[in-house]
1. Can you quote the Å³ per residue value for the convex hull of the Cα atoms in the stretch 38-121, rounded to an integer?
2. What does DSSP give for the stretch 1-128 in terms of the percent of beta bridges that are antiparallel, rounded to the nearest 5?
3. State, to one decimal in nm², a quarter of the convex hull surface area for the C-alpha atoms of the stretch 10-51, i.e. the direction-averaged projected area.
4. I'd like the distance separating the alpha-carbon centroids of the stretch 4-20 and the stretch 46-73, in whole Å.
5. At R0 = 41 Å, how high is the FRET efficiency between Thr48 and Asn94 if r is their beta carbon distance? Nearest 0.05 is fine.
Amino acid sequence: MYGKKVKLRFFFVILILTTLVLSVFLILKSLEENVVYFQSPSEIQELTEINNKKIRVGGMVKKDSIVITSNEVNFIITDFKNELNVTYSGSIPNLFAEEKGVVAEGYIKDRSFFVASKILAKHDENYMPPEVKEALGEK
């Protein structure tokens, strides 16, 4: 009923669509293991089980909560509903401050205690590094 040319085109279209679907599936499957989304302290309070999986916690650093010792930084992340105590050993970013946004990556010990292995300070779209600000002559 259909000619040889039509059958060949149909075969190539099916082959291309199959290859595309398989490629997208493989890319998403490989990213699934490496992508880490951050959760708020409220979402952590609602977890049914605490596993030893690396997660990111995001929120605001609570005012007057930063305690810096010689080898460790302790602070509280809040989403203004729930709080999470965080401990971190290492150097902190320059933008890390009280009442500023932060994302901490690490492991949950229990629903109110988090051990961070990495701290990522967040800034708004108006942030400009001090060196750039000086070069532009702004204050």
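Nothing in this text is a laboratory measurement; each read-out follows from the coordinates by a stated rule. This is a predicted model, so every value here is computed, not measured. As a convention, Cβ positions derive from the backbone with ideal geometry for all residues, glycine included, and neighbour counts pool all protein chains shown.
1. Taking only Cα atoms, the stretch 38-121 has a hull volume of 76 Å³ per residue.
2. About 80 percent, rounded to the nearest 5.
3. So the Cα hull casts an average projection of 4.6 nm².
4. After rounding, the separation between the Cα centres reads 53 Å.
5. Plugging the Cβ-Cβ distance into 1/(1 + (r/R0)^6) gives 0.65.
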